[in-house]
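Worksheet for the structure shown next.
The values are calculated or read from the model by the stated rules, or taken from the named source; none is laboratory data. It should be emphasised that the depicted structure is a prediction, and the values quoted were computed from it without experimental measurement. For neighbour counting, all protein chains shown are included, and Cβ atoms are generated from backbone atoms with ideal geometry for every residue, glycine included. To get the accessible areas, we keep the full protein, side chains included, count just its heavy atoms, and leave off ligands, DNA and RNA. Shrake-Rupley method; radii C 1.70, N 1.55, O 1.52, S 1.80 Å.
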Amino acid sequence: MKRNQVQVVFYMKKAGFLLISFAIFLCCSLKAFGQEKEGEKEVPPELRQLYAQSAVLMDGDSGRVLFEKNGYEQKPMASTTKIMTLIVTLENANPDEIVTVSEYAAGMPDVQLGIRQGEQYRLGDLLYSLMLESHNDSAVAIAEHVGGSVEGFAEMMNAKARDIGCYSTYYITPNGLDASDEKGEHSTTAADLARTMRYCICQSPRREEFLAITRTSSYSFGDTEGLRSFTVGNKNAFLTMMEGALSGKTGFTNNAGYCYVGALKREDKTFVVALLACGWPNNRSYKWSDTRTLMSYGLEHYEYRDVWEQVELPPIQVKYGIPESKNLEEKAFTDLALAEGGNEGELKLLLAEEEQVQVEVELSGSLTAPVDAGSIVGNVSYYLDGDLVHMVPVEAVDAVEKLTVRWCLRQIAGKYLI
C-alpha cells in the first residue's frame, strides 16, 4: 500500500474513533440529563407561565410548600417587610402607647403619611398607616419607639425570623426600602415570606389583631393634640379579588420589583402565596395575576384526605428485665401503644390527588431495663415525598424492673426460707 493510502486509512480510523467517542459521550450525557429531569417534579401546565421570578404556594395549616418556583433564592422583598414590622410591634408593645416622631422618621422617602418631627401619635393608629397605605415614615417612627432605634428594632425582627424558622431572611429596615450592610442585603425568600405570613395569621398570639388591621378598608385618626387628621385606605386589592381572601401586603422598590404576600381561607383550606420580583413598571398587575393563579390551583387540586393507618405494634424485648411471670427462663417484654392523643384513628392532610403517604413504624431494636410505663420507645412516622409530615410517639405500656442480684436473692429467700 502506498504511503498516501496508508495516511488516508490512518486518518479515517482516527476520525471514526473520535466520532464513536463523541457519540458515546453524547448518549451518556443525555442519559444523565434524563435521569436528572426524571427526579424533578413536573411543573403543572397552569403554573408554567408565572410572572414572578420567585413564587411559593404554601398550606397555611401545616406550613408545607405545595409549589415553588425558585422559592429558596434570596431576593429583596420591599414593603412585604411590613408584615414582620406589624407582628413584632403587636407582640412587644401596647397600641395605646404614644409615639414621638423623630427627624429621621419624618425624613423618610415616599410613600409617606407626612408626619412631622416632634408630633405625637397613638402607636395603634400608626399601625393602620403602616399596613393600609405602606407609609415609610410611620414604619420608622414605630420601629424607633418599639426597638429604641431602627437598628434595635431590626434585631427584634431578625430574632423573630429565626424563632419561626426563617433562616434565609435578613432585615435591616422596618419599611423594606432597599438596604445592605456588612452582614448582607435586606432580603428574604418566597418560602420564608410565606412562612412569615403563616405565622402572622395562624400562629402568633396576636394573630386576631394582625388580621383586624390588615383587613380594615379605611381608617381615620389624628395626632394627640388634635391638630392634624388623616384617613388611610387599604391598597390590598386581593381582599376583594377572591372569596375567602384573608390578608396581604404589597411591596415595590426599584431593586425588588413588585412583591406580594397574601393569604386565603376557603372552607377548611388555608393557602399562602408569596411572590418576589413579579415584574417592574409597567407590570403592576402581574402580582394579582400570579396570586389568583396560585390560589386557584391550590383550591382546585388539593383536598383533605384521611391517611390514618392502623399499625401493628408487637411487644418488644427488654434486656436484663424481670419477666412478668417472674420465671427467669423466660424473656421480659413490654407491650407497646401509641402515645396518648395519637390514637384518634384520624389524620387529615392536605394532598393532591396523586400524592401518597408512606407510613413507617420506627422502634428501638430492644430495650434495657429498667423501663417505665409511658417511656417513648419509637414513632409511627408519615412521609410524603421523603419528607416527614406527621409523627406519633410509641410508648411502653408495661413497666419492667431490672434483674439484679438482690432481686434474685429475695426470690430465693422467699422460696426456700420460712
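Regarding the stretch 118-130, can at least one residue be identified that is in a loop (DSSP other than H, G, I, E, B), modelled with pLDDT of 95 or more and under 25 Å from Leu193 (Cβ atoms)? No, the conditions are met nowhere in the stretch 118-130. Pairs meeting the criteria (first residue in the stretch 43-69 and among the polar types (S, T, N, Q), second residue in a strand (DSSP E or B), beta carbons under 6 Å, at least 6 apart or on different chains) are Ser54/Lys75; Ser54/Leu276.
Scanning the stretch 205-221 for residues that are touching a residue at least 24 places away in the same chain (Cβ under 8 Å) and either at positive phi or not basic (Lys, Arg) (or both) turns up Pro205, Glu209, Phe210, Leu211, Ile213, Thr214, Thr216, Ser218, Tyr219, Phe221. Checked against the criterion of being out of contact with any strand residue (DSSP E or B) (no Cβ under 9 Å at 6 or more places or on another chain) and in contact (Cβ under 8 Å) with a residue 60 or more places away in the chain, the stretch 133-150 has no qualifying residue.
The set of residues from the stretch 163-182 being within 17 Å of Lys249 (Cα to Cα) and either open to solvent by less than 10 Å² (accessible area, probe 1.4 Å) or assigned to a helix (DSSP H, G or I) (or both) comprises Pro174, Asn175, Gly176. The residues of the stretch 288-300 that are open to solvent by less than 10 Å² (accessible area, probe 1.4 Å) and either more than 20 Å from the chain's Cα centre (by Cα) or closer than 18 Å to Thr80 by Cβ (or both), listed by number, are Asp290, Thr291, Leu294, Met295. Of the conditions (1) over 25 Å from Arg64 (Cβ atoms); (2) at pLDDT 90 or above, Pro393 satisfies every one except a single condition; which number is it? Unmet for Pro393, out of (1) over 25 Å from Arg64 (Cβ atoms); (2) at pLDDT 90 or above: (1).
Looking only at residues of the stretch 94-115 that are part of a loop (DSSP other than H, G, I, E, B) and more than 16 Å from Phe230 (Cβ to Cβ), we find that the one that is most open to solvent (accessible area, probe 1.4 Å) is Asp96. Strands (runs of 3 or more DSSP E) fully within the stretch 301-383 that include at least 2 residues being open to solvent by 30 Å² or more (accessible area, probe 1.4 Å), under 29 Å from Leu57 (Cβ atoms) and of a type outside the set (A, V, I, L, M, F, W, C): 302-306, 358-363. Filtered by the rule that a residue be of a type in the set (Asp, Glu) and in contact with an Asp or Glu (Cβ under 9 Å, 6 or more places away or on another chain), the stretch 178-221 gives Asp178, Glu185.
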